[in-house]
Each structure stands twice: as C-alpha cells, then as structure tokens.
Amino acid sequence: MEEWLKEMQGLFPEERVLTSIADRHSYSFDASFGEHLPDAVVQPKDKQEVATVLKLANAYKIPVHPRGSGTCLSGGPLPVHGGIVLDLSQYPAEIDLRPRDLTVTVTPSVLTANINKEAEKHGLMYAPDPSSAHVATIGGNLAENSGGPRGLKYGVTKDHVIGLEVVTPEGEIIRTGGQTIKNVTGIDLTKLIVGSEGTLGVIVGATLKMMPKPPAVQTLMVAFDEVRRAGEAISQTLISGILPAKMEFMDQACIVAVENFQPVGLPTDAAAVIIIELDGHPETLRVERGLIEEIMEEMGAKEVIIPKSDDEATKLWHARKQVSPAIAKIKPTKVSEDATVPRSKIPDFMDQLELIKEKYDLEIVAFGHAGDGNLHPNILCDKRDVEEMKRVEKAVEEMFEAALELGGTLSGEHGIGTMKAPFMELELGEVGLDMMKRIKDSWDPNGILNPGKVFPEKGQKLVLHHE
Amino acid sequence: MSNLLKEKLGYDKTFDCVQCGYCLPACPTYETMEKETHSPRGRINLVKMVAEGKASVEDMREPIEKCLGCMACTTVCPTNVQYGAILEGAKQVLDEEKPRRLVEDFFFQTFFPSSKWMDALGNATWAYQKSGLQKISQRFGLTKKAPLPIHEFEAALPPMPAPKKRRGRADRYIRKRPSVAKVGFFQGCVMDSVFFETNQNTVELLLRSGAEVVFPEGQTCCGALHAHTGKVDASIELAKQNIEAFEQEGFDYIVNNAGGCGARLIEYHHLFEEGTEWHNRAVRFVECVKDISEVLVQLDGLVFEKTMDRTVTYQPSCHLQNVQKVTSEPLALLQKIPGLELRELDRPDFCCGSAGVYNIVNYEDAMDILDVKMQDVCGVDPDSVVTSNPGCLLQMKLGIEREGVSGKIDSVHLVDLLLEADPQPK
C-alpha cells in the first residue's frame, strides 16, 4: 500500500477511509459522463479533518476531489486524476437560522431543500431551487453555483451567499465575507470561491441570505403555434413591467414525451408552451395575471390556460419536472447542456438548434428556464452507438459556438467541470483563461485540489464515445 | 464477460439509471450505512461494473446482500429503472457463486414451502409457550445461545392457538347466499402458522362483508424469500404450484394479508416469458390478486359502530406500498372506526428493517434501521402501531421491546384491529 494511504488510515477511523473496489466504484461517477476510479474515499466529519486531508495530500501531492451528493451534471466531483474523493455528504448537517437577520448559516452537507423548509417555518425563503434540491448538498450547490427556475427573478446561488468558511488547498481554515448584507471589505473572495467548482478550496460552512416568502403564487400556461412566437412573447412580458418568478419553456418534442410518459393533458398540438409562475400579494397577482393574458393574446398565443385549483397548478409544474425523465424514454443516453443566451436571442438560438439537429441527424429537444435565457438543449442518443456519439460530440461543439456567437455563455447553472473545459478558451480568450488559471495556481501551488476541472488540459477535446 | 452473465445481471436495464441520485434520500441503508456503496444508484452501478468485468461478483456481494429490497427507490426514480429485476438478477448470480450451505438448503427447499413444517413450527411455538418453557428459557437466556438472534424475535411472537384448533379449520366458508364475491384465500406459510389467528380473522371479515371464502388445496409458499435470496428456479416452481391451485375454481379475488407475499404474487407473470402458456396463466392469476384491505374497501360490506378509544399509527409494509401500490385502503379502513385517532408517521415509507429474513441474516444492520423507525414511532406516541405484513409486525414488536415501551405501545395487524372493532354486515 502506498505511504500516503497508510498515513491517512492512521489518522481516521477505519470505516471512514474507504478503499475496497466496491466503495471506490461507488464514488467514480456523478450524474454526468465518465467513470474514474479514486484510490480512496475519505469521509471527514469536521473542518479540522478536512484540513488534515488537504495537508497530507499536499505533502504527498495527491489529488483531492470534493464531493457532495454526486448529482453534478458537469463532472465536478469526478476523480479524473485518481487520488482521493473527499465525501462531504456525511459531514454533520447543521442549520443555524437567524430570522431577525434574515440569514442562515449551514454546514456543507445540508440538503438545499431543507434550508428552504426551515426558512418557511419563519415565513422566509431560500430562493435558489435547483430541481435536485432535495438530494443535492448546499456545498455542491455553492461549488457549482447552481441555479433553478426561480433564477429568473431571484438569481443563482452566488446571489445569496454573504460569507463562507473554507479550507484552503494547503489546509488552512479561513473565513470570507461575513454576516452582513453589506460588506465591501477587500477583494470579494466569497464570490471568487462560489462557482469555482472545488478548485480553490473546500467549503465547510456558509452564511446565506433569506428573503420574505411571497404570500401567494399564480401559475399560467400559454401554448403557441410557433416556437419563435413563444420566444418573442417571453421577451415582451419581461419588458412590460412584470417580473415572474419562473418562465419555463417546453418544445413540442418535450410536450409529447411527457404526455406519453405520464399524461397530464398538455396541448400536444402546440409547437411550444410556456409555464409561468407569478409570486407576490394576491391583489398584485390578479393585476399581473390580467396583463399577461393581454400580452399573450397580442403576441398571438394559441391558448392561455389558468389552472382552476392549486392541485391543477401543481400538476402543471409536475409535468415540467417530468420532462427530464420523459425524454430519456426517447433514447437512453441524455447529453444535457445548459448553454445560455441573452433573453432576446432565445428565438435565434432555437433556430440554430433546429439547424444542428438536421445537420447531424440527431434527436434534440429543448426545454428550460427560457425567461433568463437558460435553455436546456438535450441530445437523446445511445452511448453504446459509437458512430452516433461522435456526431453528438460535433453537435455539442456547434451548440456552444452558436450560443457564444449570440453573446451567450457555455453554462448558465451546471458548471464547466470536465465536459465544457475544452471550450473555455472559445468564450474567455487565451488571456482571459490564463488570468483565471493564475488565480488557481496561486491558491493551489501544488495543483492538488480538483485537478482536471474547469481548465482544459493540453489538447483536451470533448469525448463522449468509447471505442 | 460472458453475455449470459450480462443477461442474468440485467446489464441492459442498468442503462436506464441516469445516476441522478434521486433515490438517495429514499434509501434506508444509504442513511444508516452512510455510503454510496449501499445506495440504489451505487448498487446498480456495481452490477454494471461486474457485468463489464471491472469488478468481481464477490465485490458486489455485501452491497447487494445488504439491500432491504424495500423498493422505496422505485417510487422516486424519475426514469423507472427496473431495480427489482436488477437486484434479483444480482442475487441469483451471487447465489450460484456461493458454496451451498446445508442449513440454508433445508430452510428454502424443505422448510418454507412445506405446510407440514409450518404446522410443526406453529405447534412447537404453541407447546413452547404453553409449557412455560418460554418463561424459563427467557429467564435463563437460553435462546440467546442460538446462532442467529432468534431470542430477540421469539419474545415478540404472538400467543399460538392450540394445534387442534388449527387442524380444525374448514377449507370452505359461506355465510350469506348468494355471496357477493368468491374469494380464494392465499394462506401464506408464516401467516398460517405463527399468525393463524390473523388468518381466521381475515376470513371472518370477508364473511361479514358477504363473501364466500375458499382455501384452495395444493397452495404453497409464495416464493418471495426464495427470490430475495437469488433462488429464482425454486421460486418459479412455487409460482406454478400456486397458479395451478387457484385455477381449480373461478375466483373473483385471490386474497392475502401479508404485504410481502402479495408483492410476490402480483409479479408472477414476470417469472415467465411473454407469450408462453405459463405467462398467460400467470397474468390471469395476477389479475385477481388483492390485498385484504383492497377487497374490504371494494366490497364495502361492513359498518363500524363500536367506538374504539385508541390512538394508532400506520406502518405500511414496503411491499404492499411500493410494489402492490396499495396506499390509501388501509388508512381508509382505519378511518371508518369511530373514535380511533390516526396519527401519521413522519416517514411512513421508511422501511422498518424487517424485509423478509433480512433482520435475521443482517441483524445489526436491521436494528440500525429499526432504531430510526422507532424514533419516528415514539415521536408520534401511539397506543398501537398497525401493520399489514407479518414480518413488519414482528419487527415492530421487537422495536417496541428495544425501546422499553412495551407497556405503552403495542403492535397489531390491520385485520386484527378491524375485527376487534367488531364491524357488522351492512
């Protein structure tokens, strides 16, 4: 056995340093692509233990890959260089809510949905709502800077963090930011670490902002005969003085897939639907609902459906949640992207997707958070079909190019990880990427923390096929 | 890796898993064993690794054998992964690799399918309890010397009826002519020996509902325990016997009162290849299989007038809830009893840890799971915990003992509680 592993085993209880084949395989994947076997999985239970792992890893130059629940869609926790998976999901979960400050301090293993659940007891909410919130840890959400449907009105994870406790790659424990809403003391390290995908430090605590929970919500569903028209209607709504909490888009392929999977009565003859959620005081909602109905009519909507009960509204949102599993029935492998464009460019981006779909003869469907320009084009394929996967690789590349050309970005909320790293220079330019890399190198001189993520390795290309 | 192994392991089915992790919060063993290796996603991945030759069959043994098979993961899986089929395939492969153990062979080839042995078990339990031996051996800790933690369970056994009473049961009951429905009663093995009274009470409820009840001859063990331990061939043989037994007359319902058995019975058609004669026969059988709670709700032939001043909570059998998808009926029946207060558990869908023979084979792990369950139960503070499966019932009794609240809380089968409320025919 290697020296470093022997030493690690001396520092931790036996059951928290996992080295069996079965255990190592169980931490070799996440919800994205790829399979990488770590040498060991270590489960720290406090920040000193995290520091211990990092100090040891530094001494022996062993890669450390932090991991929460492993729901990442971009490969963040994959141990691409072997070494250690640092499993933070078993860290004690603590939620310290301070309603009078409208803040909450949490440990990294807390499930994101539980923060909101706790907040609601005090009439508050924690706004970011990634669809995996009931499984994913806040630590993972912070590292990846996760979003969710409510991002349209409330922003993504980074907009709700005011302070962090972090173990640096060299094993020192630091605090960034603090407890106050306003804080301009020095360079904003909090924002630097949020979304750095575990490359700059291991988050062991966070102070988050909460907001008042809106007293009421109103759901509407609008159907369109043309995709372009749906896109234009979204833009029109957003410049008319209304800011919905969510504006979700589904194209016809998604509608049909959901209806085949678990029918809820979506209009399968529509080219696209938008599901909208307004939140606020009931009086405001009544006015805004009327305005939206007017706008949609003017924009040539086919139909505006207003659910008659909370139950019906819940069903519509459930249908939206079913898109992801439903489309998996089209073909078993799902390559899910989250390239994002300026909102006004959604119709153009949709046109581009149509062209790419025809060019590479692939099943591409689109749904997602259209209100903030964050579409999720999904390619349905079969990873056992090598030839098809090669076409998928090319299509993904063109998708990114199209998004960037329209002034967009590679990722709206999933992160870069392994899959999008090859395209970083395309968006940032050589110098831009180098400035990022310099930050990484100065924080992590030995390059042990989550190597192989965010930054492309020499000549790295997107590979989805296995010969 | 051979294609045969891949097929047995359900390799193609593992691709339905997109590794989203939505199963993690639903899995009891992921919670108590604190690692991904003991989660549904982890297990499916390991099966795939074994099929691809990246891990050995032995590598997956512990994670697969420590799965409760509660199927809670299948109720939250967004892509409908056939976890049950993958698990059973893995168990079959593991079973074939393992050197045979005589005790286990006896257990599964002779003991469980045999009504004679089950009779003997029931009789022995009765004699043991009546003779005062139970008290003596409990006092001296004799049962604690048994190789498996039998002593824990035997304290939880219900009082046995005398062998004479058990032998005296008729195989055909009718009280009202014409009856509203003809019921074929699936008696089960443990249910019909250790829980004989519950079976009798089930018959009584059906009779009061206006049904005719028949115990078809030749029926045998459902085969659930065999399938759970990878003995697929044996479980197919048992299925055939049962299908044959219940084909002898036309039944409106084939009724059972054990969630675990019922879950096996309603999946009989999966044991045979589609299009074959046996598959067709199994489909016809399965169409009639119902849990007692479903039938009582459907027949709707009982009125509950007697007030029962009691607070209860319902611990659903995982197999009744997650495989048979029977969720609302037991609750609807409980709500009919005047005066009865029903308090729901915080996490009713969390397994109690009984899981067939899991609590005997993996005792320590089962107790960790039971402790989580009991914390929930004690928080609700009921007078009774109502269950719908013999294994759960024993496990809950054990949990109550372990918590030291046996004077305060008891555990009861739904059927027994319903009859205690003394409903009358409508």
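Each value in this text was obtained by applying a stated rule to the coordinates, not by laboratory testing. Being a predicted model, the structure only gives us computed values, none of them experimental. Cβ atoms come from the backbone with ideal geometry, glycine included; neighbour counts cover every protein chain shown.
Annotations
- Filter on B:Lys91/B:Lys165; A:Lys383/B:Lys91; A:Lys420/B:Lys54; B:Lys48/B:Lys290 - keep pairs with C-alpha separation over 31 Å: B:Lys91/B:Lys165; B:Lys48/B:Lys290
- Part-to-part distance (alpha-carbon centres) for segment B:278-346 and segment B:1-58, which is given in Å: 33 Å
- C-alpha center-to-center spacing [segment A:318-335, segment A:151-189] in angstrom: 35 Å
- Over chain A, equivalent-ellipsoid semi-axes from the Cα gyration tensor in Å: 38, 27, 20
- Listed values for segment A:381-392 are Karplus-derived 3J(HN,Hα) couplings in whole Hz (6.51 cos²θ - 1.76 cosθ + 1.60, θ = phi - 60°), namely 8, 9, 5, 7, 9, 4, 4, 5, 4, 5, 5, 4, and x replaces Gly and Pro.
- Stretching B:Gln424 away from B:Thr276 to a fully extended chain increases their span by 48.8 nm, per 0.36 nm per residue minus the current alpha-carbon distance.
- If R0 is taken as 30 Å, the Cβ-Cβ distance between A:Arg438 and A:Asn183 corresponds to a FRET efficiency of 0.75.
- Within 10 Å of each Cβ in B:28-40, the average number of Cβ atoms from other chains: 4
- Hydrodynamic radius of segment A:289-374 per Kirkwood, over alpha carbon pairs, in Å: 15.5 Å
- Dividing the mean sequence gap of close Cα pairs (under 8 Å, 6+ apart) by how many residues segment A:3-87 holds gives a relative contact order of 35 percent.
- The modelled label-to-label distance between A:His465 and A:Asp225, using points 7 Å beyond Cα along the C-beta direction, is 4.2 nm.
- Of every Cα-Cα pair in segment A:95-212, the percent that sits beyond 19 Å: 40 percent
- Over 19 Å [Cα-Cα, segment A:3-87], rounded percent: 31 percent
- Building the convex hull from the alpha-carbon atoms of segment A:341-441 and averaging its projection over directions returns 7.1 nm².
- Taking Cβ atoms as reference points and 9 Å as the exclusive limit, the residues near A:Val161 contribute a net charge of +2, counting Lys and Arg as +1 and Asp and Glu as -1.
- Packing-based exposure ordering (other Cβ within 10 Å, fewest first) of B:Glu287, A:Glu165: B:Glu287, A:Glu165
- Relative exposure of B:Cys77, B:Cys392, judged by other C-beta atoms within 10 Å (fewest first): B:Cys77, B:Cys392
- Net charge, B:Ala239 excluded, C-beta distance under 14 Å - Lys, Arg +1, Asp, Glu -1: -3
- Full-extension gain in nm, B:Glu305 to B:Glu34, via 0.36 nm per residue minus C-alpha separation: 92.8 nm
- Model label points for B:Asp233 and A:Leu291, set 7 angstrom from Cα along the Cα-to-Cβ axis, are 7.4 nm apart.
- Placing a pseudo-label 7 Å from each Cα along the Cα-to-Cβ vector at B:Glu62 and B:Asp383 gives an inter-label distance of 4.6 nm.
- Calculated SAXS-style log₁₀ I(q)/I(0) at q = 0.17, 0.23 Å⁻¹ - segment B:250-342, Debye, Cα scatterers: -0.79, -1.15
- Distance-filtered residues of segment B:41-84 - backbone nitrogen under 19 Å, label point 7 angstrom along A:Gln262 Cα→Cβ: B:41, B:71-84
- Here segment B:203-260 and segment A:29-99 have alpha carbon centers that stand 50 Å from each other.
- Average partner coverage of B:14-25, which counts Cβ from other chains inside 10 Å: 6
- Per the Debye calculation on segment B:3-97 with a single equal scatterer at every Cα and no solvent contribution, log₁₀ I(q)/I(0) for q = 0.25 Å⁻¹ amounts to -1.40.
- Full extension of the chain between A:Glu15 and A:Lys61 gives 14.2 nm of extra length, using 0.36 nm per residue less the Cα-Cα distance.
- Net charge of Cβ neighbours under 14 Å - reference B:Leu296; Lys, Arg +1; Asp, Glu -1: -3
- Paramagnetic label zone (point 7 Å from Cα along Cα-to-C-beta, A:Asn446; backbone N under 16 Å) in segment A:153-170: A:167-170
- Shape metrics for chain B, restricted to C-alpha atoms - Rg then Dmax, Å: 21.3, 65
- Legend: Rg and Dmax of segment A:215-322, from Cα coordinates, 13.1, 38 Å.
- Among A:282-291, B:230-239, the peptide with the highest mean count of other Cβ atoms within 10 Å heads the list, and the full ranking is B:230-239, A:282-291.
- Proportion of all alpha-carbon pairs of the protein assembly as shown beyond 57 Å (%): 15 percent
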